[in-house]
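The numbers here are math on the coordinates, done by the rules we state, and not lab data. Because the structure is a prediction, the values reported are computed rather than measured. Neighbour counts run over all protein chains shown; Cβ positions are idealised from the backbone, glycine included.
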Amino acid sequence: MSKIKHALLLVGSVRARSSSAGLVKGLGDLLMSQGLTAETMLLIPDTLNRNWDGLLAAWERADLIVLSFPLYVDSLPSYVIRGLEMLAGWYQGCDTNTTKEFAVICNSGFPEASQNQTALSICELFAGQMGLRWLGGLPLGGGGALGGNTPQEAGGMMRNVVDALKLAASALVSGECIPDQAVELISKPFIPAFLYRIVGGRSFKQQAEKNGVGHQVKARPYQ
Amino acid sequence: MRTVILDGTNNASPMSASILQVLRQRLAVSDEFTLREMTIAHCLGCFGCWVKNPGECVIDDAGRSVARAVARSELVVFLTPVTFGGYSSQLKKAVDRLIPNILPYFTTIDGETHHLKRYSNYANLLAIGLQESPDSRSDQVFRRLVQRNAINLHCARNATGVIDTNVDSTDKVQLLIDELLGQVGVQA
């Protein structure tokens with residue numbers, strides 16, 4: 001019988017409706033459908049500054065911890081790194097012999113899921129330093145397309161992501177590593193990269209125009 | 001070579017002081033930022049620097065000064081403890097806040113999607129990571145991170161050194177820094 005009973009889902013994004021939150025909720029729903037209980041917390045500055053004890057208590061309750069975050073400059077957002085630093089510092093002074101399981105989901109604004117790999121490696125090293133059992137990471141490219149929805153809600157072009165989460169959930173509830181098939185599925189581009197670049201660029205242009213700065217997007221204030 | 005140093009160490013130490021001293025001796029340091037002493041907010045991922053206030057972060061704090069200095073430099077030096085194979089949160093705060101220096105639009109570099117340059121010229125990148133004792137896996141991930149950053153930040157040349165603070169001597173550190181500087185085009 002699996003020793004995984006309760007999961008802590010950490011959202012490492014400060015955005016109100018983030019793809020990171022949508023992804024981990026999608027996974028969390030699948031974990032709960034397979035009998036786990038789960039709670040969600042934000043791993044953001046506000047939590048680190050005002051609810052550190054609450055985070056630690058949730059961490060201690062969990063058998064499985066899943067961290068979901070957006071890729072920032074090839075790595076984790078600085079506030080997530082700060083959270084991991086604080087957790088590592090706490091762990092060093094901790095007297096515990098309970099091994100917890102750790103997995104991550106990283107989503108990137110670039111279409112190539114491979115660009116998330118360094119961030120996943122950093123998470124794996126964190127797990128090692130914390131004495132956590134590393135169950136792997138899921139890299140998603142073009143994550144902005146989720147728009148804060150779960151992959152299940154987004155449907156359509158997110159079907160590979162849904163299937164990947166299903167495979168991952170089945171493994172994680174048993175304390176097993178995320179299977180390669182799940183990583184392959186979630187890594188598949190849901191639209192061609194060239195199209196993503198076109199659509200993405202247009203989206204930024206439209207946002208700038210809506211803000212009245214469409215003609216200034218290429219400004220060089222520091223030149 | 002106009003140089004900006006981003007000191008992302010969490011506290012002063014004899015080793016970091018020695019490294020900084022060598023860098024100051026070898027380079028024309030225009031700006032040296034001791035990041036732990038500065039008020040730099042975490043990047044919010046709001047894209048305001050692209051679609052609201054193009055080229056500058058919407059948060060008006062020292063993060064803007066760092067981005068401005070980096071945009072005007074020829075060499076950027078990252079100094080940081082190797083943190084789970086990556087940067088300290090102090091350094092990463094500053095790095096995240098460099099996004100205004102690139103455009104929201106996309107291009108490809110070696111077939112991979114990246115953001116276009118905002119400016120004509122970008123600094124080379126020299127990263128020095130500190131770890132207490134040799135850790136090959138952390139070392140490897142750190143070097144890969146710097147290489148990836150060099151692509152995204154449009155650094156024509158980059159070099160990475162990892163110093164084992166409990167093992168490496170000051171003389172060895174000086175030799176390493178000179179070697180790294182050569183890799184980014186700084187002549188001894």
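Quick one: pull the percentage of alpha-carbon pairs in the stretch B:71-141 with a separation above 17 Å. Please report the intermediate quantities before stating the final value.
Working: 1388 of 2485 pairs.
Of all Cα-Cα distances in the stretch B:71-141, 56 percent exceed 17 Å.
Each listed q (0.28, 0.29 Å⁻¹) maps to a log10 I(q)/I(0) for the stretch B:120-171 from the Debye sum over equal C-alpha point scatterers, namely -1.01, -1.05. Against the longest alpha carbon principal axis of chain B, how many degrees, from 0 to 90 and to the nearest 10, is the axis of helix B:62-71 turned? Its long axis makes an angle of about 80 degrees.
Charged neighbours of B:ASP31, selected by a Cβ distance under 10 Å, balance to +2 (K, R count +1; D, E count -1).
Per the Debye calculation on the stretch A:17-58 with a single equal scatterer at every Cα and no solvent contribution, log₁₀ I(q)/I(0) for q = 0.16, 0.24 Å⁻¹ amounts to -0.51, -0.87.
Here the protein assembly as shown is treated with +1 on each Lys and Arg Cβ and -1 on each Asp and Glu Cβ, and its dipole about the Cα centre works out to around 1360 debye. GNM on chain B, alpha-carbon springs under 10 angstrom: the most fluctuating residue among B:ALA159, B:ALA150, B:ALA28 is B:ALA28. Normalised by 2.2 N^0.38 Å, where N counts its residues, the alpha-carbon radius of gyration of the stretch A:88-223 equals 1.33. Shown in residue order for the stretch A:111-128 are the 3J(HN,Hα) couplings computed by the Karplus curve 6.51 cos²θ - 1.76 cosθ + 1.60 at θ = phi - 60°: x, 7, 4, 4, 5, 8, 4, 4, 4, 5, 5, 4, 5, 5, 5, 4, 4, x Hz (x for Gly and Pro). Note on A:ASP163 and B:ASP61: the model spin-label points, each 7 Å out from Cα along the C-beta direction, lie 4.4 nm apart.
Diffusion coefficient (Stokes-Einstein, Kirkwood radius over C-alpha pairs, 20 °C, 1.002 mPa s) for the protein assembly as shown: 98 µm²/s, rounded to a whole number.
What ranking do A:ASP46, B:ASP61 get, fewest neighbouring Cβ atoms within 10 angstrom at the top? If you can, show how the numbers build up before the last one.
Values: A:ASP46 10, B:ASP61 13.
Least crowded to most crowded, the residues run A:ASP46, B:ASP61.
Taking Cβ atoms as reference points and 13 Å as the exclusive limit, the residues near B:HIS114 contribute a net charge of 0, counting Lys and Arg as +1 and Asp and Glu as -1.
Find out how many positive minus negative residues lie around A:LEU30, taking Lys and Arg as positive, Asp and Glu as negative, among other residues whose Cβ is under 14 Å from that of A:LEU30. Charge balance in the 14 Å sphere: -1. For the stretch B:121-188, a simple Cβ point-charge model (Lys and Arg +1, Asp and Glu -1, everything else neutral) yields a dipole of about 420 debye relative to the Cα centre.
Each label was represented as a point 7 Å from its Cα along the Cα-to-Cβ direction; for A:ARG50 and B:ASN10 these points are 2.5 nm apart. When the pairs A:LYS205/B:LYS52; A:LYS100/B:LYS92; A:LYS205/B:LYS117; A:LYS218/B:LYS92 are compared against a 21 Å limit on Cα-Cα distance, A:LYS100/B:LYS92; A:LYS218/B:LYS92 fall above it. Our Cα-only numbers for chain B put the radius of gyration and Dmax at 16.0, 49 Å.
Pair-distance distribution P(r) for the stretch B:55-103, from all Cα-Cα distances in 5 Å bins starting at 0: 4, 21, 29, 23, 15, 7, 0 percent.
How big is the convex hull of the Cα atoms of the stretch A:1-155, per residue, in Å³?
Values: hull volume 16.2 nm³, N = 155.
Measuring per residue, one finds 104 Å³ for the Cα hull of the stretch A:1-155.
With only Lys, Arg, Asp and Glu charged, each at its Cβ (+1 for the first two, -1 for the last two), find how big the charge dipole of the stretch A:1-150 is about the Cα centre; round to the nearest 20 debye.
Here the size comes out at about 240 debye.
Arranged from fewest to most other beta-carbon atoms within 10 Å of their beta carbon, B:LEU175, B:LEU6, A:LEU36 become B:LEU175, A:LEU36, B:LEU6.
Helix A:159-172 sits at what angle to the longest principal axis of chain A, using alpha carbons and giving 0 to 90 degrees rounded to 10? Approximately 20 degrees, to the nearest 10.
Of the residues B:TYR105, A:ILE122, B:VAL29, the one whose Cα sits farthest toward the positive end of the charge dipole of the protein assembly as shown, with +1 on the Cβ of Lys and Arg and -1 on the Cβ of Asp and Glu, is B:TYR105. Computed over the stretch A:161-223, the range of Cα coordinates on each principal axis works out to 54, 25, 22 Å, biggest value leading. The fewest-to-most ranking of B:ARG72, B:ARG118, B:ARG64, B:ARG137 by surrounding Cβ atoms within 10 Å reads B:ARG137, B:ARG72, B:ARG64, B:ARG118.
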